[in-house]
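The values are calculated or read from the model by the stated rules, or taken from the named source; none is laboratory data. Small disclaimer: the values here were computed from a predicted structure and weren't measured. Neighbour counts are summed over all protein chains in view; Cβ atoms, including those assigned to glycine, are modelled from backbone coordinates with ideal geometry.
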Amino acid sequence: MTKQIVVPFQGDISGVGELTWGQREIWPALLASHTTSFSIGWWQELPPGRTAADIADDLWFIMSRHSALRTRLQFAADGRPRQTIAGSGEALLEVVEAGDADPAQVAADVYSRLDSRPALDCASDWPIRWAVIVSQGAATHLVSLISHLAADGEGVRVLLDDLASRDPVTGLAAGPVTAIQPLELARRQATPAATKQSEAALRHWERALRTVPTRGFPGPADHRQPRYWQTFYDSPASFLAVQIVAARTGVSTGTVLLAAYAVAQARLAGSNPAVVQLVVNNRFRPGFAQVVSQLCHFSLCVIDVADITIDEAVQRARRSAICAYKSAYCDPLRRRELVARIGRERGEEPDIGTCFVNDRRMQHRQEPGDQPPGPAQVLAARPSTLIKGYQNDDGGERCYLHINNEPDTIQYELLADTHYLSPANIEAFLRAIEAVIIEAALDPAAPTAVGL
């Protein structure tokens with residue numbers, strides 16, 4: 001049985017303005033999503049003693065406190081979207097009675113139902129879907145989906161920290177919101193100083209775009225339907241091996257994973273340099289750590305991995321990633337214009353839509369300690385597990401790798417266009433990334449095995 005609780009809210013900020021650069025970045029992908037919610041979603045067990053009314057109060061708290069959750073879009077006559085922040089309104093909390101069923105399974109089922117619905121209507125819906133599972137009068141689980149247009153992963157973390165830090169007696173916030181809000185951020189991004197910064201980042205993009213290959217993986221002859229496939233690869237061996245390589249080379253595990261992706265791409269595609277678009281959260285920029293908004297941008301890494309060791313590829317990946325992080329913060333509209341212009345000048349648009357990497361690890365980002373694992377532990381952690389996910393015809397990128405936030409493993413999630421990367425190559429690519437990391441863990445002199 002399902003019912004709804006109406007949750008009135010009221011905030012201090014309202015108004016209408018242009019989209020932020022982060023919203024402009026995500027907007028085309030949201031438009032292309034027809035069969036999923038395109039949200040950051042999860043379900044979680046609640047501590048004992050909570051009620052549906054408590055969860056409704058939590059929803060009131062975050063809706064009132066964070067203007068990003070009160071954001072909807074207006075559209076000009078030419079279709080151009082603008083963000084509009086409501087000063088007040090009503091949200092809906094779905095309450096699902098578990099009855100005799102396992103509440104955890106009910107939560108998982110509700111999450112699947114909500115996530116499989118089309119993306120939220122940005123003109124009429126609030127960018128959040130919440131449901132609470134109730135069993136014998138107690139709230140047992142929360143199901144949450146927050147639109148990518150409103151927040152990225154780190155922004156959701158800020159929301160959760162806000163909830164966790166409320167005074168347990170009064171319910172008051174630990175302090176006022178001091179981070180910049182989306183409307184003000186958009187205004188700042190329209191200033192001459194921000195334009196200057198954006199143009200500097202675009203110069204990095206232009207230099208890279210003139211050197212990258214115009215063709216990536218060779219397309220398969222057997223186009224599949226459904227076209228887009230999701231594949232998971234759970235690799236406990238990667239989890240251990242990446243710590244060994246990171247400790248030896250003095251870099252983060254994320255850099256090792258980036259280098260392994262680049263080497264595997266070059267091996268499978270038979271081309272060099274490797275081209276990778278990183279998802280950069282920009283939280284290292286002054287004043288951005290606690291912002292609840294979409295701050296993620298794509299940035300281009302070009303990594304020459306030919307005729308060197310994997311350890312050297314790791315160092316090159318580190319240098320390229322630093323440049324990419326510095327050059328991620330720019331106006332996506334100007335960047336797309338630049339990509340199109342370089343494509344016209346080269347006679348073919350550079351193939352940069354094939355190579356996205358998004359490291360989602362937050363709580364489970366295990367960096368090497370004083371005593372990293374040994375090679376024997378890596379070998380004992382095999383074999384890894386390949387799991388087939390969804391298959392659909394919803395538009396997507398050609399090749400998009402997520403590193404998921406799972407404990408004691410590296411869980412690779414590859415979203416691929418089978419008209420571009422065959423099912424056999426999807427599996428081969430995932431196994432190749434793991435193989436590169438394990439090779440490097442077992443032998444500091446292991447070569448990339450990529451020719452000039």
Residue in segment 362-382 that is in the same structural domain as Asn282 (by TED's automatic domain parsing), modelled with pLDDT under 95, touching a Gly at 6+ places or on another chain (Cβ under 8 Å) and not in a helix (DSSP H, G or I) present: yes
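Would it be correct to say that Arg344 is of a type in the set (D, E, K, R), out of contact with any strand residue (DSSP E or B) (no Cβ under 9 Å at 6 or more places or on another chain) and outside any helix (DSSP H, G or I)? Give the derivation first.
On the way: of a type in the set (D, E, K, R): yes; out of contact with any strand residue (DSSP E or B) (no Cβ under 9 Å at 6 or more places or on another chain): yes; outside any helix (DSSP H, G or I): no.
Judged against the criteria, Arg344 is not a match.
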Residues of segment 72-81 classified as within 26 Å of the chain's Cα centre (by Cα) and more than 11 Å from Ala123 (Cβ to Cβ), total: 1
Residue within segment 439-450 that is out of contact with any strand residue (DSSP E or B) (no Cβ under 8 Å at 6 or more places or on another chain), among the hydrophobic types (A, V, I, L, M, F, W, C), in contact (Cβ under 8 Å) with a residue 60 or more places away in the chain and part of a loop (DSSP other than H, G, I, E, B) present: yes
Hits in segment 278-310 (condition: more than 25 Å from Glu397 (Cα to Cα) and buried (at least 19 other Cβ atoms within 10 Å of the Cβ)): Val291, Val292, Ile310
Strands (runs of 3 or more DSSP E) lying entirely in segment 71-131 (those with 3 or more residues that are out of contact with any Gly (no Cβ under 7 Å at 6 or more places or on another chain) and in the same structural domain as Asp58 (by TED's automatic domain parsing)): 71-75, 88-97
Answer residue from segment 207-230, given it is in a loop (DSSP other than H, G, I, E, B) and of a type in the set (Gly, Ala, Ser) and is surrounded by the fewest Cβ atoms within 10 Å (Cβ to Cβ) among those: Ala221
Members of segment 16-43 found to be out of contact with any Phe, Trp or Tyr (no Cβ under 9 Å at 6 or more places or on another chain) and either surrounded by 14 or more Cβ atoms within 10 Å (Cβ to Cβ) or not assigned by TED's automatic domain parsing to the domain that holds Leu145 (or both), listed by number: Gly17, Glu18, Thr20, Gly22, Gln23, Arg24, Trp27, Ser33, Ser37, Phe38, Ser39, Ile40
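Take Gln377 and decide whether it is buried (at least 20 other Cβ atoms within 10 Å of the Cβ) and of a type in the set (S, T, N, Q).
Working: buried (at least 20 other Cβ atoms within 10 Å of the Cβ): no; of a type in the set (S, T, N, Q): yes.
Criteria not met by Gln377.
Check whether at least one residue in segment 402-412 is within 21 Å of Asp115 (Cβ to Cβ) and assigned to a loop (DSSP other than H, G, I, E, B), and report yes or no. Break it down into steps so the answer makes sense when it comes.
So the first thing to find is which residues in segment 402-412 are within 21 Å of Asp115 (Cβ to Cβ), and the list is 402-406, 411-412.
Filter again for assigned to a loop (DSSP other than H, G, I, E, B), leaving 405-406.
Scanning segment 402-412, I find at least one residue that is within 21 Å of Asp115 (Cβ to Cβ) and assigned to a loop (DSSP other than H, G, I, E, B), so the answer is yes.
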